[in-house]
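Colleague: If you scroll down you'll find the structure; I have some questions about it.
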Amino acid sequence: MQPLNNADDPPVTIHVLHRVKPGCEATFEQVLGDLITAAHSYEGHLGVNVFRSGNNTNPEYQVVFKFDQGSHFKQWESSAIRQQLLTRVNQLTVDAGQISVLTGLETWFTLPTKPGLPPPPRYKMFVITWATIFVLISLMNQLVIPLLHSLPSLLGTLIVTGLMVFLMTYVVMPRITKLFAQWLYPKAKH
């Protein structure tokens, strides 16, 4: 078995936007369920999230698949069962759908109102991530680390890094991405 975070074979997040033909939602849901069940049986599959628009006149489904490695996603992507199910999906949708494959930090740079946008250039992701981590580490050095001085060093490091990743993923980066949306995504309508 290969390591989970091989730099040459990083984890991937696949975002697919489906526009379902009106009146085909129930059948689409059944086929989508079959697609999700089939994906679960593939090595490296980490889960699926489905977001429904709630708009009955133009029903949209955003489906997010996660795989631990790009090679595992490629196995799923080229599988016969996926191809068969996509043929059924395409009969129920307005178009072939919009697909984005994300690896690494670009998943931090997803605007919640525009999840199908391609990620910004890597240099922009670097600048925003670096500046944000600099501010968070500076704050932690002043506010959090002094409170942990009585703990063993390894435990303190575990707490600080866990807090940092939690804040970056769930609190800070979604807000920073919105704040800098004009610079990160200059061609997108905000």
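The values are calculated or read from the model by the stated rules, or taken from the named source; none is laboratory data. In this text the structure is predicted, and so the values were computed from the model without any measurement. In this analysis, Cβ positions are derived from the backbone assuming ideal geometry, glycine residues included, and neighbour counts consider all displayed protein chains. Please note that ligands, DNA and RNA were not included when accessible areas were found on the heavy atoms of the full protein model with its side chains. Shrake-Rupley method; radii C 1.70, N 1.55, O 1.52, S 1.80 Å.
Colleague: Would you mind telling me the share, in percent, of accessible area of the chain contributed by carbon and sulfur at probe 1.4 angstrom?
Modeller: 62 percent
Colleague: Just to confirm the number: angle between the C-alpha axis of helix 153-166 and the first principal axis of the chain, 0 to 90 degrees, nearest 10?
Modeller: The angle comes out at about 40 degrees.
Colleague: OK, next. Rounded to the nearest 10 degrees, what's the angle between the helix 122-143 long axis and the longest principal axis of the chain, both from Cα atoms, 0 to 90?
Modeller: Around 40 degrees separate the two axes.
Colleague: Suppose the chain between ASN55 and ALA80 were pulled fully straight at 0.36 nm per residue; how much longer would it get relative to their current alpha carbon spacing?
Modeller: That works out to 5.8 nm of additional length.
Colleague: Given just the C-alpha atoms of the chain, how large is their convex hull per residue in cubic angstrom?
Modeller: 154 Å³
Colleague: Taking Cα atoms, how many degrees apart are the long axis of helix 25-40 and the longest axis of the chain, rounded to 10 and kept between 0 and 90?
Modeller: 60 degrees
Colleague: Could I ask something else about it? Quick one: Karplus J couplings for segment 55-63, per residue in order, coefficients 6.51, -1.76, 1.60, θ = phi - 60°, nearest Hz, x for Gly and Pro?
Modeller: Going residue by residue, I get 8, 6, 7, 9, x, 10, 10, 9, 10 Hz, with x marking Gly and Pro.
Colleague: Here's something else I'd like to know. On average, how much accessible surface per residue is there in the chain, in Å², for a 1.4 Å probe, leaving out ligands, DNA and RNA?
Modeller: Solvent-accessible surface per residue comes out at 61 Å².
Colleague: Let me ask something else. For LYS124, give me every one of the aspartates and glutamates with a C-alpha distance below 18 angstrom, ignoring sequence neighbours fewer than eight places off in its own chain.
Modeller: LYS124 reaches GLU106.
Colleague: Now a separate question. Using the beta-carbon distance between ILE145 and ILE99 and R0 = 35 Å, what value does 1/(1 + (r/R0)^6) give for FRET efficiency, to the nearest 0.05?
Modeller: 0.25
Colleague: Excluding same-chain residues fewer than 8 positions from LYS21, which aspartates and glutamates have a Cα within less than 14 Å of its Cα?
Modeller: Cross-link targets: GLU29, GLU60, ASP95.
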